[in-house]
Every structure is written in C-alpha cells, then in structure tokens.
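Worksheet: the structure to be examined is printed underneath.
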Amino acid sequence: MEARQTKLAIVGAGAVGTAVAYSSLIRGVARTVALLDINKAKVDAEVLDLSHGLEFVPRADIIGGDDVAVCAGADVVVFTAGAKQKPGQSRLELADATIRLTRNILPGLLEVAPDAIYVMVTNPVDIVTYAALKFSGLPHSQLFGSGTVLDSSRLRFLLSRYTGVAPQNVHAYIAGEHGDSEIPLWTSATIGAVPLLEWEALPGYEPLDEAARRTIHDEVVHAAYRIIEGKGATNYAIGLAATRIVEAILKDEHRILPVSTLADGFAGLDDVCLSLPSIVGRCGCGRRLEVKLSDGERAGLMRSAQTLRDMQARFGL
Ligand SMILES: O=P(O)(O)OC[C@H]1O[C@](O)(COP(=O)(O)O)[C@@H](O)[C@@H]1O
C-alpha cells in the first residue's frame, strides 16, 4: 500500500507566497506544493523556476495555476494573497481590500479543500484571521493565523545578538497583535534553562536590563517597516516562519508556536484573534498555554486586544 502523500497549497504567488514555496521545498515539508494566483503568467513562471531546482531538494512536485482546482485535496492551505504593502503604509490601511479579497477567495478553496488546515498569513493577519473564521464558519482549530511566529523569531535573533547565545536556545515569545501593540513575554522567557530576567551577561556582552529590553522590543516592532523601506516587502523570514507552522501541522509535531487564534477567555481576552503560545499539530491549533504573565504583560495584552477589537469594529466584523 502506498503512503498517503501530503499536499501544501499556497494562495498568492507574490514575494511571500513564493518564499513559503521555496522554503517548503527546501525543507521537504510536503510531497506536492501547489501555487495559486490570479496572475497566470506570473504563477506559471514561478512554478517553472522552482521546478528547475527540484533536483536539489527532497522529493517533491510543484504545480500551479490560476484555477482553484490546483489546491484540490490540500492538507494545508497557506493564504498569502492580498494587497501589496507600500513604504510608510500601515498594516491597517491594507485591511479593507484584503478582507474583501479573502471573502471572495475562501468559498472556492473550501469547496476543493474542505478538510485542509488553513494558515492565514496576509496582513493585518489577526483581522484577516478573524474575518476568515467568520466567512468560512471553520472551527478555530482549523483556521488560524501565522501571528507572531515571525516577530518571536525576530525577538530571538535580537536576544541572541545581545547575549551571544544561539537563537534556538532563546525561548521567548512575542504575544498579542502582529503589529504595533505586540508585547514580549519577558516573565516566561528563558535562555537555555535560565530565566531571561535573571540572565547574567557573558563576558564582552551588555546586560539585558530594562533599557536593553525596551530597545529590543522597539526593534522587533519596527523591523518590518525598516525592511519595507529598503526592499518594498518582507518575505524570507515570513516564508520560513510559515513553513515552520506547516511542518508542525504535517508532521503532527505538537509544537508550541505563537499563532493567531480566537481568544477563549485566557487572561480575560475574548472575541479577538491574537497570538499566544499554542500547541500546533495535525489537527491544527490546539490548546493555548497558560503562560505566567506580569501585571504589565497582562495589561499590554488587554491593550493589544482592544486595538484589534477597535479595528474589527471599523471593518464591520
Ligand atoms: O535551549 P534548549 O533547551 O536546548 O532548546 C533548544 C531547542 O528549542 C528550540 O529552539 C525550540 O524552542 P521553543 O520551544 O522556544 O520554540 C528548538 O529548535 C531547539 O532544538
């Protein structure tokens, strides 16, 4: 009997969608990678370019087109389609067009891939995820957003640079909105087995005091703006972050990832999609962790949730 083959469908063949396809192929997360885009010439060209590298990656097929049928039977759908972010433009300004686009595309996808786990990546991801949950009627385990998985890896990269320890050993999360109101969860963070708030600087490194933590937080929040100013879009790190989520799903890893999902009352948060460390596996997004929060972190999360609720109301959600 042949093993069931896994299929990843990526909606949107722009800078982010193609980065997800590229990193997914390199990491060998799915046997088939399908790319869908309304621009047929572009998607065909991307598929051809990626096909020419198949010799160098784990065994896979790459297909694509402008017909939703290309996503048929997908196990995971990564949704990256949306309006392009311009320099200086906030994530919010993009929201209206993107929400309409999401509403138009989802029904066709649900028809051909009803059992897929849907990972929304398009910004503003928390709002798009909330809207997509409403439009699709899917349970929040089956549809969630990439949230602050990328922001958390930016945080880990910066902490790694400050402390001289590998980012893999920095266990720290950004929570809340994937956007300006996001907050680092310093209280629960550890470096190796050492609580981050008790970290003693290694020789040649500065202490991780409050001022340093404030600078790092600020850098994480503004990282995307700096990249957009320089190259118009962020794509490689979000491609890797989304691939990490897909891998956790398809390999049923039960990984703890700060994905954006509907709040269920934890820390007094509800009726909003935001990120908190959650368990991700083959059934999608499972339980949230009951993370220990300081009063300041709790208040920050409440503010972030309120920012998102205000946006939801502005878009009639
Ligand atoms: O610092 P430790 O305990 O050796 O853990 C390292 C492991 O943690 C990870 O970085 C995952 O960390 P998180 O659970 O904080 O996401 C793995 O990639 C790595 O293998």
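For every residue, the table says whether it meets (1) more than 20 Å from D271 (Cα to Cα); (2) out of contact with any strand residue (DSSP E or B) (no Cβ under 6 Å at 6 or more places or on another chain); (3) among the β-branched types (V, I, T).
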residue	(1), (2), (3)
G88	yes, yes, no
E93	yes, yes, no
R103	no, yes, no
V128	no, no, yes
K134	no, yes, no
V149	yes, no, yes
R161	yes, yes, no
P167	yes, yes, no
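Of all residues in the range 224-257, those that are part of a helix (DSSP H, G or I), more than 15 Å from the chain's Cα centre (by Cα) and surrounded by 13 or more Cβ atoms within 10 Å (Cβ to Cβ) total 4. Among the residues making up the range 1-26, those that are of a type outside the set (V, I, T) and more than 17 Å from the chain's Cα centre (by Cα) are M1, E2, A3, R4, Q5, K7, L25. Scanning the range 135-168 for residues that are within 15 Å of the chain's Cα centre (by Cα) and among the charged types (D, E, K, R) returns D151, R154.
Does at least one position in the range 160-171 carry a residue that is within 16 Å of the ligand (Cβ to nearest atom) and open to solvent by less than 10 Å² (accessible area, probe 1.4 Å)? Yes. Can you name the residue in the range 190-237 that is within 30 Å of A21 (Cα to Cα) and among the basic types (K, R) and is also modelled with the lowest pLDDT among such residues? Among those residues, the one meeting the criterion is R226.
One line per residue, one yes/no per condition, for (1) open to solvent by 40 Å² or more (accessible area, probe 1.4 Å); (2) outside any helix (DSSP H, G or I); (3) at pLDDT 95 or above; (4) within 16 Å of the ligand (Cβ to nearest atom):
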| residue | (1), (2), (3), (4) |
| --- | --- |
| D115 | yes, yes, yes, no |
| V119 | no, yes, yes, no |
| T129 | no, no, yes, no |
| L138 | no, yes, yes, no |
| D151 | no, no, yes, yes |
| R154 | no, no, yes, yes |
| D180 | yes, yes, no, no |
| S188 | yes, yes, yes, yes |
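In the range 15-111, counting only strands (runs of 3 or more DSSP E) that sit wholly within it, none holds 3 or more residues that are under 26 Å from H222 (Cβ atoms), open to solvent by 50 Å² or more (accessible area, probe 1.4 Å) and hydrophobic (A, V, I, L, M, F, W, C). Restricting the range 262-288 to residues that are closer than 28 Å to A74 by Cβ and open to solvent by 40 Å² or more (accessible area, probe 1.4 Å), the residue that is modelled with the lowest pLDDT is D264.
The values are calculated or read from the model by the stated rules, or taken from the named source; none is laboratory data. As the structure is a prediction and not an experimental result, all values here were calculated from the model. All Cβ positions, glycine included, derive from the backbone under ideal geometry; neighbour counts span all protein chains shown. Surface areas here come from the heavy atoms of the whole protein model, side chains and all, with no ligands, DNA or RNA. Shrake-Rupley method; radii C 1.70, N 1.55, O 1.52, S 1.80 Å.
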